[in-house]
Amino acid sequence: MKKALLLFLLAAQVFPQSGDATLTLYKDGFGLVKQSVEFKVKPGRNAIRYARLPDKIESQSPFLSLPEAEIIYQRFNHNRFDTFGFLANHLGQKVKIKPVHGWWSFKGKLLNIEGKWMTISRWWSTRIVNLDEVVRISIGGKKIIPSVSPELVWEVSTNKKGDLAGDLIYIARGFDWDADYRLVVSPDEKAGKLSTYAIVKNETNLTFSDSRVELVEGELRRISRRTPSRLRMERPIRVEGVTAVEPMVFDHETLGDYHFYTLSEALTVPNNEAITVSLYPERQIEFTRLYRFENRERSSSDEPLTVELSFENVEKNNMGLPLPAGSFQIYYTTDEGNIKFAGEDFLRQVAVGEKASVIAGRAFDVLGNRTVVNYNRMKKSEEATIQVEIKNRRKDRIAVQLREHITGDWVIRESSHDYKKTDAQTVQFDLSLPPGRTERVTYTYRKAWE
């Protein structure tokens, strides 16, 4: 009797692989794949197939470019083999189980399948089997050769005999990339080394070997589709067999409203892994440190100030490069050369010529206290007097910014310090405090309404 052999690649999984492709990855969980393909043909009409496709391919996107042939039609077969569905359709039939461990097999009737568990009835007992412990199942009946991946089928017409070469282009979900920054601050806290990386992610079931990788920074408009949330890296970062980052960098160019980064060397992007490579070479930059205290109207607070680091993205500061959005980690270097983690933030896109700013956390030695000294509300107006006290317990001079948010129609009646109105709801005080200094800012605002 013929047997249909069902191979469960659970103990030793084998993943399909594709080579010599160009991967253009976007930050919205998808990528454009340009794959070199070659088929054996004869003169006339030919049916050609291609199955090395990722499981998250968008079925409406593939198109084939064959300079020496005419494409008559294209068909996309997305009916991939479903292990559990296949077994559920064969309940009540006799099966032969080959476990992962042991040379023996056993037979029985398939009674039930739920999750990873099968119930097998034998003439003297009932046995429950975990699919993780099965290497092969044979089911009596008609021989079945299941399809385990999507497949594209074309009918083409050509005068050529032999190899027919072309390019297959398609869009697939499951690709992503993120920028990652690391600033190592020098002991004087005025400069540091900035390293910029790109984390390339492939969450498909297909490995792309020796591929050209391009990254796109910019938001493209796409019609509404069910798109998964941004992928998080859950596996260790590695670059093709090594634990450290290889000295590879991306070439940058601007095309229209988007920035493209092309890796200078071919890269293998394994399935379900993330790879980190240098986006820009490491560079020494200068930055400024600002302590910010931000409050609203009648609120009182007593807390450390927020620490903000900022730098100019200009050539004079050894920068002048478009900076993609990404995570930004801050480290401090001690006088002894030790490196300490000092905070993390998300850096928004920063164009050339603009200022980049990140929040490192809160300062232990710079404290703020805000008190509503007086508040008087009348029928058509209100008036409040605010006192803000800043203590600098550091051993150096610091820059402090007080930002007070006031809604409505207001004016500052009295103030102990110079200020500026930055917008309709914000008044700002800029201070410079010597080491060990305590500064008090007092002001009165008045609101009126009809």
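The values are calculated or read from the model by the stated rules, or taken from the named source; none is laboratory data. Here the structure is a predicted model, which means the values were calculated and not measured. We place every Cβ from the backbone using ideal geometry, glycine too, and count neighbours over all the protein chains shown. Just the protein is used for accessible areas: all its heavy atoms, side chains included, with ligands, DNA and RNA removed. Shrake-Rupley method; radii C 1.70, N 1.55, O 1.52, S 1.80 Å.
Residues considered: Lys27, Lys107, Lys42. Of these, the only one that is under 28 Å from Tyr258 (Cα atoms), out of contact with any Gly (no Cβ under 8 Å at 6 or more places or on another chain) and not polar (S, T, N, Q) is Lys27. Of all residue pairs spaced 6 or more apart or on separate chains, none has beta-carbon atoms under 6 Å together with a first member in region 432-449 that is within 18 Å of Asn369 (Cα to Cα) and among the basic types (Lys, Arg) and a second member that is modelled with pLDDT of 95 or more and assigned to a loop (DSSP other than H, G, I, E, B). Applying the criterion of at least 3 residues that are in contact with a strand residue (DSSP E or B) (Cβ under 6 Å, 6 or more places away or on another chain) and within 25 Å of Gly218 (Cα to Cα) to the strands (runs of 3 or more DSSP E) found wholly in region 250-347 leaves 250-255, 258-263, 267-269, 273-286, 301-312, 326-333, 339-347. Which one is modelled with the lowest pLDDT, of the residues in region 48-94 that are in a helix (DSSP H, G or I) and open to solvent by less than 40 Å² (accessible area, probe 1.4 Å)? For region 48-94, the residue satisfying everything is Thr83. Those residues that are part of a strand (DSSP E or B), free of Cβ contacts under 8 Å to residues at least 24 places away in the same chain and among the basic types (Lys, Arg), I need them from region 375-401; list them, please. Arg377, the sole residue that qualifies. Does Asp423 satisfy being under 37 Å from the mean Cα position of the chain (by Cα) and more than 19 Å from Phe364 (Cβ to Cβ)? Yes: the conditions hold for Asp423. Is there any pair linking a residue in region 57-70 that is under 24 Å from Asn205 (Cα atoms) to one that is hydroxyl-bearing (Ser, Thr, Tyr) and assigned to a strand (DSSP E or B), with Cβ under 8 Å and at least six apart or on different chains, and which? Correct list of pairs: Ile57/Tyr170; Glu58/Tyr170; Ser61/Tyr170; Pro62/Tyr170; Phe63/Tyr170. Would it be correct to say that Thr306 is modelled with pLDDT of 95 or more, closer than 22 Å to Pro187 by Cα and hydroxyl-bearing (Ser, Thr, Tyr)? So Thr306 passes the test. Residues that are open to solvent by 60 Å² or more (accessible area, probe 1.4 Å) and modelled with pLDDT of 85 or more within region 108-121 comprise Lys109, Leu111, Asn112, listed in sequence order. Looking at Glu414, is it farther than 18 Å from Ile398 by Cα, touching a strand residue (DSSP E or B) at 6+ places or on another chain (Cβ under 9 Å), not hydrophobic (A, V, I, L, M, F, W, C) and not in a loop (DSSP other than H, G, I, E, B)? Taking the combined requirement at face value, the residue satisfies it.
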